[in-house]
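Inspection log for the structure reproduced underneath, given as structure tokens.
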Amino acid sequence: MSGPTSSMRTPLARVRNLGASHSGTKDFWRQRLTAVAMTLLIVPVIVIVLMLLGRNQAGAAQILGSPPVAFIMLLFIIASAWHMKIGMQVVIEDYVHSEKLKLAGIMANNFFSFAVALASIYAILKLSSGV
């Protein structure tokens, strides 16, 4: 029997088109968006990193002191940290079966992703401000 009556989903769930995670495809599209952002930013970031090779802190601060360079690095950090968070969350949701461990893993992932992004942003801002 395959028809609308054999579905385990409620009529409201079918209308909203939400999957088992009850969030639809938001994370899927956000991960694709961050991947495209990182793809567009990777060439300028590689150029910046190559310019930083062999320089001391003063030389790095001089390069990162340029507002366009600091802005590109900040965009890349934000996109990659967000991409990392979503990717690990999907892995945790798919492969951790205990609800308590899943919740703890997602919380740890959120904290770690935020801490990495915050530390990286702080470093770029500190180097770019010359302090």
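Once phi is turned into ³J(HN,Hα) by the Karplus curve 6.51 cos²θ - 1.76 cosθ + 1.60 with θ = phi - 60°, what whole-Hz value does each residue of region 111-123 show in order, with x for glycine and proline?
5, 4, 4, 5, 5, 5, 5, 5, 5, 5, 5, 4, 4
Put a dot 7 Å past each Cα toward the Cβ at VAL47 and TRP29; how far apart are the dots in nm?
It works out to 3.2 nm between the two label points.
Using θ = phi - 60° and the Karplus curve 6.51 cos²θ - 1.76 cosθ + 1.60, what whole-Hz ³J(HN,Hα) does each residue of region 61-70 get, with Gly and Pro shown as x?
Result, rounded to whole Hz: 5, 5, 5, 6, x, 6, x, x, 5, 4.
Please list, ordered by chain and number, the residues whose modelled amide H lies under 5 Å from the amide H of VAL96; skip anything fewer than 5 residues away on the same chain.
Residues meeting the amide H criterion: none.
Within region 28-131, what whole-number % of the accessible surface is contributed by carbon and sulfur, with the 1.4 Å probe and all protein chains included in the calculation?
Taking all protein chains in place, region 28-131 shows 75 percent carbon and sulfur surface.
The values are calculated or read from the model by the stated rules, or taken from the named source; none is laboratory data. Here the structure is a predicted model, which is why all the values come from computation and not from measurement. Cβ: placed from backbone, ideal geometry, glycine included. Neighbour counts: every protein chain shown. Just the protein is used for accessible areas: all its heavy atoms, side chains included, with ligands, DNA and RNA removed. Shrake-Rupley method; radii C 1.70, N 1.55, O 1.52, S 1.80 Å.
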